[in-house]
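> Quick one: the structure is below, questions incoming.
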Amino acid sequence: MRFSRSLLAASVGVIFAAGTTQVMAQGFTLYSPDIGTMGTAYAGAAATADSASVVATNPAAISRLDGVNVTLNNTLILAQTDIKNPVGSAPGTNKGDMVPRILVGSAFITFPHVLLDNLSVGLGLYAPFGLKTNYESTFQGRAFGDKSTVTVVTFQPTVSYAFTPNFSAGAGLTVNHLNGVLTNGISPAIPNATQELDGARNAFGYNVGFLVTPIKDLNIGLTYHSQVEYDIRGNVQVLNAPITSTPYTFNAKGRGNLVITTPDSLELAATYKIVPTVELKAGITRTNWSTIGVLAPKSTFSASGVSTSVPLPAVYKSVIAGTLNAGGSSEVVNFEDVNMYSLGASWQVQPNLALRAGIAYDESPANKKDRNVRIPTADRSIYAVGANYALSKNTNVDVAYNYLHEANAHISRADPTKGIYQADYENTGHLIAVQLNHKF
């Protein structure tokens, strides 16, 4: 029985470092949870203080809000993928559009003057990372990836202090829960054999922000989001794998773990009112994806977790478990540090209506050599429009739309057991979002 453990162990790592769903931010980061700045292609996010979502975008901006502020939002993610020029060592289909419709929501609340006049606090619940793909069951490249679901939910208690009317600082503790599920085929020669993986872990990080108004109508914001290290532990299953030199198959259940660090990022942003009704916005974000290079997961199987399609001598189960546990493996990702650049503007058309627009360029961390079907992304352009409408003195609504278009993403994978798979991915996406803001 020569079933290779490296197939299994390497895949344990992919679940926790897989790429984007095409319409999420590069890597597997989600874009800003503030729908107001989504309308300007995220330009000026760290320098804007319009709603309680500043808990996530810049904790320092909480001190600029009056009253108790509540923000609730939802974003609908629609992805489109065309797979062209496929070449593979196994037959199969290449339908593309493997990302289902996704709805992502956030909630925030801020309180002013807590204990001290200049001290404000806030709470946030949002998703900083996410991934969801599901190829068809006959996908030609399924040995390199099939179904992926990774979610990170963050709860963030935050404080902000205004040292002067023109300068404030803030910090928040992030309590993060990561959960993921992944499946993929074992080999093109064994179409019914699959691997199923799941894992979860809690971890802590922090956000720090500064907001300064050096001259009238000019805001400059700086926000740092820390790295978060996850010691992820999960379950591993092998299903319908063949036992060499026999007509029989086996299933195996085991445990896997992986230590992975999600990247830190630094955002510098500015907003400036050139006239009372028109505000220009700009921003640059540096994300250090090189924290994810080579993944070295571990998996452990025992004879008690092995079952065979027909009764076989007990020694077979021990041999199968021993083979799965033998040797080491790794998954090469080699993510690169990247920048996102954004420019936008807001126009107060009427006292109760503001219109927004923006454009951004978002670099892909996926190394061209190591890009695979779970990371089928390239550099991306974002075109955004949005609006804010005041329903009353204390209640307003933000709406936004983003169109995302990527450069051609070429996939070229080869593995002694999995075979080869090459294809060109053409990815586009649509984000449609709405946000309700209320001040008590």
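Only the coordinates and a few stated rules stand behind these numbers; no lab work does. Predicted, not measured: the structure shown is a model, and the values here were computed from it. For neighbour counting, all protein chains shown are included, and Cβ atoms are generated from backbone atoms with ideal geometry for every residue, glycine included.
> Can you pull the one-decimal nm distance between simple spin-label points at Gln237 and Tyr403, each 7 Å off the Cα toward Cβ?
Here the modelled spin labels are 4.3 nm apart.
> In the chain, if the dipole is taken from +1 on Lys/Arg beta carbons and -1 on Asp/Glu beta carbons about the Cα centre, which of Gly185, Ala390, Ala407 is farthest to the positive end?
Gly185
> With a cut-off of 8 Å between alpha carbons and a minimum separation of six or more residues, what is the relative contact order of the stretch 5-439 in percent? Please list the in-between numbers first.
On the way: 1397 pairs, mean separation 91.5, N = 435.
The normalised contact order for the stretch 5-439 reaches 21 percent.
> Where the centre of each part is set by its Cα atoms, how far does the stretch 170-185 sit from the stretch 264-303, in angstrom?
When both Cα centres are located, 15 Å separates them.
> Within the stretch 84-109, list the residues whose amide N lies under 18 Å from a label point set 7 Å along Cα→Cβ of Asp415.
Zone members listed by number: 87-93.
> Separate question: Quick one: of Lys317/Lys369; Lys132/Lys253; Lys132/Lys418; Lys132/Lys298; Lys84/Lys281, which pairs are farther than 27 Å apart, Cα to Cα?
Lys317/Lys369; Lys84/Lys281
> Can you find, among Phe155, Gly344, Gly419, the residue sitting farthest towards the positive end of the charge dipole of the chain, where Lys and Arg contribute +1 and Asp and Glu -1 at Cβ?
Highest projection toward the positive end goes to Gly419.
> I would also like to ask the following. Just want to confirm a number: the relative contact order over the stretch 294-357, from Cα pairs under 8 angstrom separated by 6+ residues, in percent.
32 percent
> Here's another thing I want to ask about it. Hey, quick one: spin label on Lys95, modelled 7 Å out along Cα-Cβ, who in the stretch 364-382 has an amide N within reach, i.e. under 20 Å?
Under cut-off, by backbone N: 373-376.
> Also, I was wondering about something else. Report the label-to-label distance for Ser290 and Leu119 in nanometres (one decimal), using points 7 Å from each Cα along the Cα→Cβ vector.
In this crude label model, Ser290 to Leu119 measures out at 4.0 nm.
> If each residue of separation counts as 0.36 nm, what is the full-extension length gain between Trp347 and Leu268 once their alpha-carbon separation is subtracted?
26.2 nm
> Taking only the C-alpha atoms, wrap a convex hull around the stretch 303-429 and report its volume per residue in Å³ as a whole number.
218 Å³
> A further question on this structure: What is the gain in length, in nm to one decimal, between Asn134 and Asn179 on full extension, counting 0.36 nm per residue of separation less the C-alpha to C-alpha distance? Spell out each step's value before the answer.
Working: separation 45, 0.36 × 45 = 16.20 nm, distance 1.65 nm.
Taking 0.36 nm per residue and subtracting the Cα distance, the gain is 14.6 nm.
> Also: Under the rule of at least 5 residues apart or a separate chain, name every residue whose amide H is placed under 5 Å from the amide H of Ser89.
Amide H neighbours of Ser89, under 5 Å, 5+ apart: Ile420.
> Sticking with this structure for a sec: Nothing charged except the Cβ atoms of Lys and Arg (+1) and of Asp and Glu (-1): what's the magnitude of the dipole of the chain about its Cα centre? Round to the nearest 20 debye.
900 debye
> How many angstrom lie between the Cα centre of the stretch 187-251 and the Cα centre of the stretch 329-385?
Cα centroid of the stretch 187-251 versus Cα centroid of the stretch 329-385: 20 Å apart.
> Checking a compactness column here: for the chain, what do you get for Rg(Cα) / (2.2 N^0.38 Å), N being the number of residues? Walk me through the numbers on the way to the answer.
Values: Rg = 24.0 Å, N = 440, 2.2 N^0.38 = 22.2 Å.
My calculation over the Cα atoms of the chain gives 1.08.
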